[in-house]
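The values are calculated or read from the model by the stated rules, or taken from the named source; none is laboratory data. Since the model is a prediction, treat every value here as computed from it, not as a measurement. Quick reminder, even Gly has a Cβ in these numbers, built from the backbone with ideal geometry, and neighbours come from all protein chains shown. Please note that ligands, DNA and RNA were not included when accessible areas were found on the heavy atoms of the full protein model with its side chains. Shrake-Rupley method; radii C 1.70, N 1.55, O 1.52, S 1.80 Å.
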Amino acid sequence: MNRPGNRVVAGVSGSLGSLTALHRAASVARVTGAALWAVLAWEPPGGDVPHRGGVCPAPRTAWRSLAVDRLTDALDTAFGSAGPGVPLERLVVYGKPGTVLLEVADQPEDLLVVGAGARGPLRRAMWPSVSRYCLARACCPVLAVPPSPLHRTFHTVHRRNTWQLPIRIEELTERR
């Protein structure tokens, strides 16, 4: 039985961290019998600043359509055609991710699940953390899911490819 407050709300961006959080949210929803709400927040490219004078509806509709496609792709990547195995609600909402997630997960009975990716000092300075924002302001429990161990391996390989360095398989298989 899914009453309005029996929800697991997952923030989705399409990143590896958000896909890991989405899997955890689906697992919790299965165990508790809750509905899974997959929420993707979107803003126009470059943020809201260039568009404060008013946006032509055509680009805004196209950007929203791209956000819907991104959520669909993320759900397909995470669960394939089988789906998550629980009732699923898809939400694409205009706004900043932290604000949107807190507006959706607005009941004390909700559970908000967000990815808590590893972030270096430069990344923290440039982009505020959605998980920290939600942890500080939510009225419901928040589960911040750390990145998958494969996430670090992926970034190691990506960094070596970017710098055109040889990949040493021993480094990828070592436990840290």
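When W37 is evaluated against the numbered criteria (1) open to solvent by 30 Å² or more (accessible area, probe 1.4 Å); (2) at pLDDT below 95; (3) within 12 Å of the chain's Cα centre (by Cα), which criterion, by number, is the only one it fails?
It is condition (2) that W37 fails.
Has region 14-34 got at least one residue that is modelled with pLDDT of 90 or more and part of a strand (DSSP E or B)?
no
So which helices (runs of 4 or more DSSP H) stay within region 57-176 end to end and still have 2 or more residues that are touching a Pro at 6+ places or on another chain (Cβ under 8 Å), at pLDDT below 95 and more than 16 Å from A21 (Cα to Cα)?
Result: 57-79.
Among residues belonging to region 63-93 that are of a type outside the set (D, E) and open to solvent by 80 Å² or more (accessible area, probe 1.4 Å), point out the one that is nearest to the chain's Cα centre (by Cα).
Only one residue fits best here, namely R70.
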